[in-house]
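Here's the structure we're looking at; comments come further down.
The values are calculated or read from the model by the stated rules, or taken from the named source; none is laboratory data. Since the model is a prediction, treat every value here as computed from it, not as a measurement. Cβ coordinates were reconstructed from backbone atoms using ideal geometry, including for glycine residues, and neighbour counts include every protein chain displayed.
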Amino acid sequence: MNDKYMLNGFPMENIRNKNETRVIKILKEVFLEFPDFDNCQLCIEDVYALSLKHLPAIYAQKGSIILKHDVSDEDIRVISRYAINQVMQRPRHG
Ligand SMILES: [Zn+2]
């Protein structure tokens, strides 16, 4: 049990931002298009954070059915490529 996800005695950890897992799944594919990416932890975290920042949040309760995604997989791919390019041009470790 992760206490950070407890709210008034109830666990909220099953309610997660749907974009989190979608971005991770799509980034695994999109990173293959960038053989020059340095693949260090800092840059990967920056790409992930930057990608999420540019997506509208879609929250879902575990087990609920999402009837409509406002954001398509292709939208996430475009945003992921943008984020990778940004981080490759300006890595925080110089
Ligand atoms: Zn790096």
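Listed by first and then second residue, the pairs with beta-carbon distance under 6 Å, at least 6 apart or on different chains, first residue in the stretch 31-46 and under 17 Å from R77 (Cβ atoms) and among the hydrophobic types (A, V, I, L, M, F, W, C), second more than 9 Å from the ligand (Cβ to nearest atom) and not in a loop (DSSP other than H, G, I, E, B), are F34/I84. Looking at this structure, is F37 of a type in the set (F, W, Y), at pLDDT 95 or above and either touching a Cys at 6+ places or on another chain (Cβ under 7 Å) or not in a helix (DSSP H, G or I) (or both)? Yes.
Going through the stretch 19-50 one residue at a time, which ones are within 9 Å of the chain's Cα centre (by Cα) and away from the ligand (no atom under 16 Å from the Cβ)?
N19, E20, T21, R22, V23, I24, K25, I26 - these are the residues of the stretch 19-50 that are within 9 Å of the chain's Cα centre (by Cα) and away from the ligand (no atom under 16 Å from the Cβ).
Restricting attention to the stretch 17-37, the residues being surrounded by 13 or more Cβ atoms within 10 Å (Cβ to Cβ) and in contact with a helix residue (DSSP H, G or I) (Cβ under 9 Å, 6 or more places away or on another chain) number 11.
If I filter the stretch 62-83 for residues that are within 16 Å of the ligand (Cβ to nearest atom), farther than 16 Å from N19 by Cβ and either surrounded by 10 or more Cβ atoms within 10 Å (Cβ to Cβ) or modelled with pLDDT of 95 or more (or both), do I get at least one hit? No, that holds for no residue.
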